[in-house]
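Dumping the structure here so I can ask a few things about it.
The values are calculated or read from the model by the stated rules, or taken from the named source; none is laboratory data. None of the values given here were measured: they were computed from a predicted structure. Note: ideal-geometry Cβ built from the backbone for every residue, glycine included; neighbour counts use all protein chains shown.
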Amino acid sequence: MVDLNVEIAPGVVLKNPVLTASGTFGYGREYADYLNIAELGAIITKGLSLKPKVGNPGVRITETACGMLNAIGLENIGIDSFITDELPVLQKLKAEVIVNIFGNNQDDYAAIAARLDQVEGVRALEINISCPNVKAGGIQFGTDPDAAASLVAAVRKATSLPLITKLSPNVTDIVKIAKAVEDVGSDSVSLINTLMGMAVDLDKKQPMLGNVTGGLSGPAIKPVALRMVYQVAQAVSIPVIGIGGITSAQDALEFLLAGATAVEIGTANFVNPAVGAEIVTGIRDYLELRNYEKVTDFIGSLQ
Amino acid sequence: MVDLNVEIAPGVVLKNPVLTASGTFGYGREYADYLNIAELGAIITKGLSLKPKVGNPGVRITETACGMLNAIGLENIGIDSFITDELPVLQKLKAEVIVNIFGNNQDDYAAIAARLDQVEGVRALEINISCPNVKAGGIQFGTDPDAAASLVAAVRKATSLPLITKLSPNVTDIVKIAKAVEDVGSDSVSLINTLMGMAVDLDKKQPMLGNVTGGLSGPAIKPVALRMVYQVAQAVSIPVIGIGGITSAQDALEFLLAGATAVEIGTANFVNPAVGAEIVTGIRDYLELRNYEKVTDFIGSLQ
Amino acid sequence: MALTGELILYLFKTKILKNSSLTRDIVNLRIAAPEDFCRKAAPGRFIMLGNDNNLSDPLLKRPFGICNWGKNWFEVVIKMVGKGSRQLGLLQEGALLSVHGPLGEGYPVKNSAPVRNHDESVIMVAGGMGIASIASCLLPTAVNDEIKREKVLLYGAAKAEELVLLDKIKECRPNLRIETITDDGSSGRKGFVTELLKTELQVAGNVTFACGPEPMLKSVQQVLQEFNSKGFLSLENRMACGFGVCLGCVQTIVGDAGSGDVKSAKVCTQGPVFPAEEVIF
Amino acid sequence: MALTGELILYLFKTKILKNSSLTRDIVNLRIAAPEDFCRKAAPGRFIMLGNDNNLSDPLLKRPFGICNWGKNWFEVVIKMVGKGSRQLGLLQEGALLSVHGPLGEGYPVKNSAPVRNHDESVIMVAGGMGIASIASCLLPTAVNDEIKREKVLLYGAAKAEELVLLDKIKECRPNLRIETITDDGSSGRKGFVTELLKTELQVAGNVTFACGPEPMLKSVQQVLQEFNSKGFLSLENRMACGFGVCLGCVQTIVGDAGSGDVKSAKVCTQGPVFPAEEVIF
Ligand SMILES: Cc1cc2nc3c(=O)[nH]c(=O)nc-3n(C[C@H](O)[C@H](O)[C@H](O)COP(=O)(O)OP(=O)(O)OC[C@H]3O[C@@H](n4cnc5c(N)ncnc54)[C@H](O)[C@@H]3O)c2cc1C
Ligand SMILES: Cc1cc2nc3c(=O)[nH]c(=O)nc-3n(C[C@H](O)[C@H](O)[C@H](O)COP(=O)(O)OP(=O)(O)OC[C@H]3O[C@@H](n4cnc5c(N)ncnc54)[C@H](O)[C@@H]3O)c2cc1C
Ligand SMILES: Cc1cc2nc3c(=O)[nH]c(=O)nc-3n(C[C@H](O)[C@H](O)[C@H](O)COP(=O)(O)O)c2cc1C
Ligand SMILES: Cc1cc2nc3c(=O)[nH]c(=O)nc-3n(C[C@H](O)[C@H](O)[C@H](O)COP(=O)(O)O)c2cc1C
Ligand code: FES
Ligand code: FES
């Protein structure tokens, strides 16, 4: 039996490298009908803020060639409801939980990180510095190395939880940002968040999305994600978690090969809610067939 | 009969807004079997350098979800062969010709622009500051506003031909770069060039492309292209030419709606070599049905 | 939910048993399904349907109402409007499909899970493809046996040819009164279906179920308010997932009673059927 | 070229006349085509084939050899190896396709456009799906009537089942000597097809045509060099356009005679068939 354990941050050993991406897996329990969520490496929650948030008005999703645009606007139930209503359910389901957080400014981020510090059942935080849908918050942090570093440093001070910084692909040099957050104590990085895109409704002569622009996800972005993961994995010494257009075990294996210690599955969950479990099985079968003893021997073995 | 004329640079009035993108239309005559290339707004040549260039070794193209990666490496016959062997053919075929140029450094760019200055049958130059496949040249210019401005200024001095600067999407803020080149005399901007991506061959445990990374084109990138065209068109006062994933008249119309004065068709030429002519017809039919007198009334009319 | 040990949603691969064309661009697909799935079907519930032969374009599944079902099959009526629905509509007998469902909360009829209201008789209002949803109250034998409280079917469409499913409905409910209306007068009166509704609402004590394009639902809402009459609207917001995780489908609805607030509801899990007075268009 | 007034390449939509399975993953498609197109077909030429029902995934057309043709049809043999070939291979009679072609320069047989060499008799070497290209010298009536100069067909595959098209070839060329060889010895000898070639080359004065996977072509090239014998190799580099504009398919070949230089050639327009001694693998 091949050993699928991966350590995605110091001390955070997961039973396999398949995680679910924030915003595509709800708070986790919605999927309990389709798969045993305890069998996943971990689930990452919808992005949470200090207070509940309503999100964007108008059409929020539209499909594009091999992808989709979303402009949900980070709607969420707020950290307190999460802790009281959702987390206990996840613990009962024996899921490994990573909480994705965001705020409108550095203090918000630090406050939510502090709030989660002593909460049982939270394995790590994923800091979303890259959501393209929040004008005031995310985007500035995610596109400037100094701002990103200062934000992550503030979060680092506020909590002892392991920190994964989630990077934006909408930048000239993602490696610079990855290194900047590594330097201030991010335990790992995850990438990519969505590419900023747009669709128009020719009949109505209007943008398709209420928010005009939105985040592109799905198979369409996989080549960009793979390239960035490869570049960042070459440059940093912390673990890299690969995200973007993964729909099959083959896709996941490609990211591992390129240097990702683990992967997150996003949009594919909408198409097939059981995809996470199927990918775990697919990775295991692939490695077993080729006589690997552990997945870590395969990771980063691209020639 | 609806008036399809567009002015893509001062004095450069084309009979319609459908151009072919550099690198996807050869030197033009290869398509003469499939469509009357004189019916296109203009054709843009494969990127040309002062001396012939051999390109990258190994696999150069690979398909991805709704797109393709290429790492041709700017292989071309060199400007002199073009002027003697290709341009006369294009003139006989009555095509409007825009020459796409690149170099390894500022002097190269200026030299090739100077070389073309007095050549008959060249309507404008498109300056490729954005090819991701040339390590020494393109990419640095295309991702930094100052470098881009200084390059375009040098080309501006070297020629009196109208200048279109072709922008890279692999940047944090494409609007900044567009404005920078506008300021130094670029007559228009075209966007986007390819997104930098990568694919891996799981069986061989190697990158798919000889060059490791390549440029992503095709329908997959359309949402990113449309977003950037919209943003740039809002910010500059020179014409914007939209490129990226256009395969149908509907796609082309969406770019015009978002503010593009004209569009370039790239990868779609490989799939259907007659697509340019079909898109011209499709745009005409659409506008006629809706009683437009001229396409310029439609351009930028997104609400 | 797995939490309670009871599986409510199913995810399965299946086959088309039959594809019958109703018009040039509307088809009726009969699809094989497990018995457990069929037992959970109810008027107004829906499924997410994906072509299993396709690659990743289109990517997402598409939502369609379950308009009829039996022991081990169900039916959907699909209007081919874009790439997803066209690809599904062109599939023939034997083609493979992926299905999630049954999803959502349906109309408050007796045998549907959330019994919200089942006293009055029902005025059914369908606009265009809204008939697929409304038909789910009329066609299935399961429903037929338990409730027979519909008063009238008011059915509007652009033109006569687009009035689909009428034969089937007449067969299942021979005594049902049906009034049609078309934009061009090619069947029934010329006009909008809400005009028919106004006439029906002259008599009080009924409840209205309506499904159709948003502008129609808006005016149904207005008419109901005018007559101070109760009703339920089935919405068709865009959906990516269908089971409450993407937040793509949310609809603004009125907040907690008396608070004057608004809140957002997931159409896929809290709807698609909402009390008419709660929806804020 | 339109320049000369003569149309050499065609771009058309057409239909599958017949899909016959040869093995579990190899099919033979007969496709309707205009007569003009068929007149330009020649051994070793190819077409780009696209499924007309699909959306944009897969995006590009795929290259396949024209392995047989008549007055108004042609045939391809497709091995389903990935998403593009699988989607095409699963299409049934009546399905729509888009075709560009005929493309490339084929083998130097009498009636093919570029007559480069037609004196010697020909040793034909096929490895795996390379048979589709080699068969284009043997199956078409047009070719059959004009040249009958093949000496032997050497055909290697992984195992017996994968030796396809043999019945057809025997029917068209009843007198042709055919030697098979397989990796596992399930038909003919066990080994590689180049071993058979060595035996044939003991007798001089012949020319070799070869098509197959790159490693096989490399060893054919070596063997030919060893025996100082002339030959032609048909390459299968990846192609995006098929008509010389993307520069995706280029192959390094020897430069101008005696210069010692190398240059790059477009496999799609300058090939796919090249003199064996010119190719630099
Ligand atoms: C709960 C629910 C039940 C439905 N039941 C039925 C039914 O029984 N029969 C039926 O024919 N249709 C039904 N629909 C609508 C159907 O889902 C859409 O027509 C379909 O998803 C369009 O997909 P497409 O790829 O063909 O269109 P696209 O190419 O994506 O778009 C074509 C047009 O359809 C609109 N559209 C796209 N997605 C949706 C969507 N999810 N909902 C509404 N409009 C959309 C677009 O704005 C556009 O104008 C239902 C929708 C919902 C949410
Ligand atoms: C001139 C020419 C003639 C050909 N004739 C035939 C023929 O008659 N019958 C036949 O079955 N095949 C033929 N091929 C090969 C055929 O084109 C490829 O098998 C096909 O394009 C693979 O597409 P896919 O989407 O199924 O594979 P993908 O999913 O893209 O890839 C699957 C595998 O095929 C390889 N591959 C992908 N594209 C090509 C390509 N263009 N050429 C070679 N390998 C590729 C990949 O490296 C990968 O290992 C020919 C190729 C050329 C260039
Ligand atoms: C509907 C939707 C909502 C998302 N919400 C969040 C979010 O709240 N926080 C976050 O960090 N990323 C969010 N993402 C981004 C995903 O986590 C992921 O980075 C992205 O979708 C790329 O992966 P994919 O191609 O597998 O979907 C969201 C994506 C989608 C499609
Ligand atoms: C094979 C290939 C070669 C290209 N070569 C060039 C080039 O030489 N110069 C250039 O400016 N852009 C080049 N491009 C980029 C295209 O001109 C275009 O910007 C890009 O492909 C996006 O458009 P599309 O999605 O319609 O293909 C090339 C693209 C492809 C696919
Ligand atoms: S469709 Fe995803 S939450 Fe409703
Ligand atoms: S395949 Fe495009 S140049 Fe040969």
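If you check A:V240 against the conditions, is it under 14 Å from the mean Cα position of the chain (by Cα), facing chain B (nearest Cβ under 9 Å), under 26 Å from A:Y292 (Cα atoms) and of a type in the set (V, I, T)? Break it down stepwise before answering.
Working: under 14 Å from the mean Cα position of the chain (by Cα): yes; facing chain B (nearest Cβ under 9 Å): no; under 26 Å from A:Y292 (Cα atoms): yes; of a type in the set (V, I, T): yes.
When the stated conditions are applied, A:V240 does not pass them.
Taking the condition of being farther than 18 Å from A:D3 by Cα and either more than 14 Å from chain C (Cβ to nearest Cβ) or of a type in the set (S, T, N, Q) (or both), how many residues in the stretch A:265-284 meet it?
3
Here's another thing I want to ask about it. Under 7 Å between Cβ atoms, which residue pairs at least 6 apart in sequence (or on different chains) link something in the stretch A:64-79 that is on the phi > 0 side of the Ramachandran plot with a partner that is surrounded by fewer than 24 Cβ atoms within 10 Å (Cβ to Cβ) and charged (D, E, K, R)?
From the stretch A:64-79, the pairs are A:L74/A:K53; A:G78/A:K51.
Can you tell me how many residues in the stretch C:224-265 are among the acidic types (D, E), under 15 Å from C:I280 (Cα atoms) and free of Cβ contacts under 8 Å to residues at least 40 places away in the same chain?
Number of matching residues: 2.
Whether any residue in the stretch C:41-58 is away from ligand 5 (no atom under 16 Å from the Cβ), in contact with a Ser or Thr (Cβ under 7 Å, 6 or more places away or on another chain) and more than 19 Å from C:L91 (Cα to Cα) is what I want to check.
yes
For D:V203, are the conditions met, namely being surrounded by fewer than 19 Cβ atoms within 10 Å (Cβ to Cβ), touching an Asp or Glu at 6+ places or on another chain (Cβ under 7 Å) and away from chain B (no Cβ under 14 Å)?
no
Specify which of the listed residues (B:V119, B:V59) is in contact with a helix residue (DSSP H, G or I) (Cβ under 7 Å, 6 or more places away or on another chain) and either among the hydrophobic types (A, V, I, L, M, F, W, C) or touching a residue at least 24 places away in the same chain (Cβ under 8 Å) (or both). Spell out how you get there, then give the answer.
On the way: B:V59 fails: in contact with a helix residue (DSSP H, G or I) (Cβ under 7 Å, 6 or more places away or on another chain).
Every option except B:V119 fails the conditions.
Something else now. What single numbered condition from (1) modelled with pLDDT of 90 or more; (2) more than 16 Å from the chain's Cα centre (by Cα); (3) under 25 Å from C:R39 (Cα atoms) fails to hold for C:R116?
(1) is the only condition that C:R116 fails.
Could you please find all residues in the stretch C:200-243 being basic (K, R) and within 16 Å of ligand 5 (Cβ to nearest atom)?
Within the stretch C:200-243, just C:R238 meets the criteria.
Only one of these is among the aromatic types (F, W, Y) and surrounded by fewer than 18 Cβ atoms within 10 Å (Cβ to Cβ): C:F274, C:F232, C:F281, C:F243. Name it.
C:F281
Just give me the residues in the stretch B:90-112 being under 17 Å from B:T20 (Cα atoms) and within 13 Å of another protein chain (Cβ to nearest Cβ), in sequence order.
B:L90, B:Q91, B:L93, B:K94, B:A95
Does C:K151 satisfy being part of a strand (DSSP E or B), more than 30 Å from A:S217 (Cβ to Cβ) and of a type outside the set (G, A, S)?
So C:K151 passes the test.
Which one is farthest from ligand 1 (Cβ to nearest atom) among residues in the stretch D:254-269 that are within 12 Å of chain B (Cβ to nearest Cβ) and either assigned to a strand (DSSP E or B) or at pLDDT 90 or above (or both)?
Here the residue is D:V262.
Can you name the residue in the stretch C:130-148 that is at pLDDT below 80 and part of a loop (DSSP other than H, G, I, E, B) and is also surrounded by the fewest Cβ atoms within 10 Å (Cβ to Cβ) among such residues?
Applying the filter and picking the extreme gives C:K148.
Looking at the stretch B:118-132, can you tell me whether even one residue there is in a strand (DSSP E or B), more than 9 Å from every other protein chain (Cβ to nearest Cβ) and in contact with a Gly (Cβ under 8 Å, 6 or more places away or on another chain)?
Yes, the conditions are met somewhere in the stretch B:118-132.
Same structure again: Quick test of your reading of the structure: D:P215 fulfils all but one of (1) within 16 Å of ligand 2 (Cβ to nearest atom); (2) in contact (Cβ under 8 Å) with a residue 12 or more places away in the chain. Name the failing condition by number.
All conditions are met except number (2).
Can you confirm whether C:E277 is touching a residue at least 40 places away in the same chain (Cβ under 8 Å), more than 16 Å from ligand 6 (Cβ to nearest atom) and more than 17 Å from the chain's Cα centre (by Cα)?
Numbers: touching a residue at least 40 places away in the same chain (Cβ under 8 Å): yes; more than 16 Å from ligand 6 (Cβ to nearest atom): yes; more than 17 Å from the chain's Cα centre (by Cα): yes.
It is true that C:E277 is touching a residue at least 40 places away in the same chain (Cβ under 8 Å), more than 16 Å from ligand 6 (Cβ to nearest atom) and more than 17 Å from the chain's Cα centre (by Cα).
Listed here are the residues, each with its yes/no results for (1) over 20 Å from B:I101 (Cβ atoms); (2) touching a Cys at 6+ places or on another chain (Cβ under 7 Å); (3) buried (at least 23 other Cβ atoms within 10 Å of the Cβ).
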residue	(1), (2), (3)
B:I8	no, no, yes
B:R29	no, no, no
B:E39	yes, no, no
B:V59	yes, no, no
B:M68	yes, no, yes
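When the residues of the stretch B:208-236 are filtered to those that are at the interface with chain A (Cβ under 7 Å from one of its Cβ atoms) and part of a strand (DSSP E or B), which remaining residue is surrounded by the fewest Cβ atoms within 10 Å (Cβ to Cβ)?
B:T213
Which of the residues that make up the stretch C:181-210 are out of contact with any Phe, Trp or Tyr (no Cβ under 8 Å at 6 or more places or on another chain), part of a strand (DSSP E or B) and not β-branched (V, I, T)?
Selection gives C:R189, C:K190, C:N206.
Name the residue, out of C:A265, C:A257, C:A210, that is closer than 30 Å to C:G50 by Cα and either within 16 Å of ligand 6 (Cβ to nearest atom) or not assigned by TED's automatic domain parsing to the domain that holds C:I131 (or both).
The match here is C:A265.
Could you list, in sequence order, the residues of the stretch B:243-253 that are touching an Asp or Glu at 6+ places or on another chain (Cβ under 9 Å) and either surrounded by fewer than 24 Cβ atoms within 10 Å (Cβ to Cβ) or within 9 Å of another protein chain (Cβ to nearest Cβ) (or both)?
B:G245, B:S248, B:A249
Right, here's the next one. Pull up the stretch C:179-194, narrow it to residues that are at negative phi and surrounded by 16 or more Cβ atoms within 10 Å (Cβ to Cβ), then point me to the one that is modelled with the lowest pLDDT. Spell out the reasoning first.
From the stretch C:179-194, those at negative phi are C:179-184, C:186-187, C:189-190, C:192-194; that's our starting set.
Remaining after also requiring surrounded by 16 or more Cβ atoms within 10 Å (Cβ to Cβ): C:179-182, C:187, C:192-194.
Working: C:E179: 89, C:T180: 90, C:I181: 90, C:T182: 89, C:S187: 82, C:F192: 88, C:V193: 89, C:T194: 90.
Checked the stretch C:179-194; the qualifying residue modelled with the lowest pLDDT is C:S187.
Oh, and also: Where in the stretch A:1-52 are there strands (runs of 3 or more DSSP E), lying fully within it, with 2 or more residues that are under 16 Å from A:L87 (Cα atoms)?
Once the strands (runs of 3 or more DSSP E) in the stretch A:1-52 are filtered for at least 2 residues that are under 16 Å from A:L87 (Cα atoms), what remains is A:42-44.
Still on this structure, please answer the following. For the stretch A:186-201, which residues satisfy the criterion of being in contact with a Leu (Cβ under 6 Å, 6 or more places away or on another chain) and within 7 Å of another protein chain (Cβ to nearest Cβ)?
Passing the criteria: A:L195, A:G197, A:M198, A:A199, A:V200.
Let me ask something additional. How many residues, within the stretch B:11-38, are away from ligand 4 (no atom under 14 Å from the Cβ), out of contact with any Pro (no Cβ under 6 Å at 6 or more places or on another chain) and modelled with pLDDT of 95 or more?
Residues of the stretch B:11-38 away from ligand 4 (no atom under 14 Å from the Cβ): B:11-17, B:29, B:31-38.
So of that shortlist, the ones also out of contact with any Pro (no Cβ under 6 Å at 6 or more places or on another chain) come out as B:11, B:13-17, B:29, B:32-33, B:35-38.
Filter once more, so that each one left must be modelled with pLDDT of 95 or more: B:13-17.
Qualifying residue count for the region: 5.
Being part of a strand (DSSP E or B) and under 30 Å from C:L60 (Cα atoms) is the filter; apply it to the stretch D:24-61 and report the residue that is modelled with the lowest pLDDT.
Per the stated criteria, the residue is D:N51.
Just name the residue that is nearest to ligand 6 (Cβ to nearest atom) out of those in the stretch C:221-248 that are away from chain A (no Cβ under 14 Å) and touching a Gly at 6+ places or on another chain (Cβ under 7 Å).
Only one residue fits best here, namely C:S234.
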